[in-house]
Every structure is written in structure tokens, then in C-alpha cells.
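Visitor: Dumping the structure here so I can ask a few things about it.
The values are calculated or read from the model by the stated rules, or taken from the named source; none is laboratory data. The structure displayed is predicted, hence computed values, not measured ones. Please note: Cβ atoms are built from the backbone with ideal geometry, for glycine as well, and neighbour counts cover all protein chains shown.
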Amino acid sequence: MSIYADTQTPSHFAWLVNAVAGIVVVRARQVAQFVKNRRDAVTLASLDDRMLADIGLTRGDVRDAVSEPVWRDPTAILVSRAQERRVNRRTLVRPSEAPSIVPGQKERTFEAPVQARYY
């Protein structure tokens, strides 16, 4: 006699109940996460413009995220907007392309245009 003789395989009904319960649990977690994300987006709306700029957002970004339908995650918009600004900021400001504060040879000498000279 085997040691596994006393165990039974679950019936189809038990398997179905277990599968449905798993789906319900996953959906309940998703709804709870959506509620938390929406609450966090509303909390961001209470920050001032300087604080929002520190994290790469504007008041319009927060307004757009909160105005999304309830079933959409507002943090997805906020993350994408902040990431777009971060990428654009990196491409616009490069230390090697910054203008020099030391005047070049052309800026050192002042020559009036020929038309402005008095004869």
C-alpha cells in the first residue's frame, strides 16, 4: 500500500471554486491598488507648484491624471509625464554645450559697423 493512497485529487467543483476565489482575490487587490493610486494622485494635487516641479510634474499633469476614468490608473500618466521631462531635460542641457562666460576674441574688440562710423 502506498503512502499516497489516502490522498484524493480535488474534484472539478473544488478546482472551480478555487479558481474563482483566486480571480476574486486578484481583482480585489487591483481595485485596492487603484483606490490607493487615486488617493495618492489627489494628495499630489495638494502640493504647491515648486514641490511638483521637484518631482518633475506640473499642476496640469496632476489634473489630467485625476480626470482619467475611474478604471484607469492615474499614476501611469504621472510616471510617463515625469519621465518625458527627465529625458527631455537630459537632451537639452549638456555640460559640453554650455556657453562660455569668457568672452572670445571677437567679443573683446568693439568695432562699429562701417555705416555707423563718422568720416
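Visitor: Can you tell me which residue within region 49-73, out of those that are in contact with a Ser or Thr (Cβ under 9 Å, 6 or more places away or on another chain) and within 20 Å of K36 (Cα to Cα), is surrounded by the most Cβ atoms within 10 Å (Cβ to Cβ)? Step through it out loud before you land on a result.
Guide: We begin by selecting, within region 49-73, every residue in contact with a Ser or Thr (Cβ under 9 Å, 6 or more places away or on another chain); these are 49, 52, 65.
The next check asks that each one be within 20 Å of K36 (Cα to Cα); those that pass are 52, 65.
Details: L52: 19, A65: 26.
In this case the residue turns out to be A65.
Visitor: I'd like to check something: does region 20-36 contain any residue that is outside any helix (DSSP H, G or I) and either under 29 Å from S80 (Cα atoms) or modelled with pLDDT under 90 (or both)?
Guide: We begin by selecting, within region 20-36, every residue outside any helix (DSSP H, G or I); these are none.
No, region 20-36 has no match at all.
Visitor: Okay, next question. Name the single residue, out of those in region 60-97 being at pLDDT below 65 and assigned to a loop (DSSP other than H, G, I, E, B), that is farthest from the chain's Cα centre (by Cα).
Guide: Per the stated criteria, the residue is R94.
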